[in-house]
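Structure first, then comments.
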Amino acid sequence: MLVMGSMEWASTIERGEFFCPKCNATKSYQRKIARPFLTLYFVPIIPIGGLREFVICRGCRDRYDPSVLVGSNGIERASAAATAATMASFDMEILRLMALMIVEDDYVTEAEIQMAMRVYQGMMMQELPRSELERACREVVALRINASRYVGIAAQGMTYDQKLKAVQAMFAVAGAEGQISPKRLKSLMDAQKQLGLDDVAFQSAVKDATAWVA
Ligand SMILES: [Zn+2]
């Protein structure tokens, strides 16, 4: 049995003092950047989701959004950089989620490839080279990534809007052949649960996805 999990690699990028809202006092803090990794037998294999930046109070050990430090030097610039990193990694997330859908039935078809490239271009406003898509498909197969598990971990770093896009992308690829197999339908239902989307949000994302399929 494969032992898969996730872990977070964090590094401290700044130390200082701030006013902690919970301690209600001036405390020292560490500002950290963390990136979650999918692990296989406890070895980090691939990064999932964007960089997450947070501040830890050395008093109460609570985590805060870096905006708690507003007023300190350079914080706005650092946050903008973190946002850009999150956006860039969402490209990668969409690519992997579509690759997982494509390889789910152990059979890659031209219609699926074309659909994935079209959806990516529509969502990201940039072309997806076929070679990159093929590489992503080989990667998810080689690592035997479990789709539902992956969605669950990736969802933690996604905004609501990104989750809706993730559903659309997976649904469009799943339906590229004009019909969705029971196995894929089950994957999509699992994805809804993993993403924490209610029925109304999920159904409207699916409806939007049919525009790609048509
Ligand atoms: Zn505190």
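Quick look at the values:
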item: Protection proxy ranking, peptides 139-151, 166-178, 9-21, 94-106, average beta carbon neighbours within 10 Å, highest first; result: 166-178, 94-106, 139-151, 9-21
item: C-alpha long axis of helix 160-174 to longest principal axis of the chain, angle in °; result: 20 degrees
item: Eligible aspartates and glutamates near LYS22 by straight Cα distance, threshold 12 Å, same-chain separation 8 or greater; result: ASP62
item: Gain upon complete extension [GLN121, ARG149; 0.36 nm per residue less C-alpha separation]; result: 7.5 nm
item: ARG135 versus SER67: modelled label distance in nm, points set 7 Å from Cα along the beta carbon direction; result: 3.6 nm
item: The chain - Kirkwood radius from inverse mean 1/r over Cα pairs (Å); result: 18.7 Å
item: Pairwise FRET efficiency - CYS60 versus SER181, Cβ, R0 = 45 Å, nearest 0.05; result: 0.35
item: Amide N of segment 146-170 lying under 17 Å from the label point, which is placed 7 angstrom from the Cα of MET189 along Cα→Cβ; result: 147-149
item: Set of lysines with alpha-carbon distance to LYS183 below 27 Å, sequence-local pairs under 8 removed; result: LYS163, LYS165, LYS193, LYS207
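Every number in this text was worked out from the coordinates using simple rules, so none of it is lab data. The structure displayed is predicted, hence computed values, not measured ones. Methodologically, a virtual Cβ is constructed for each residue, glycine included, from the backbone with ideal geometry; neighbour enumeration extends over all protein chains shown.
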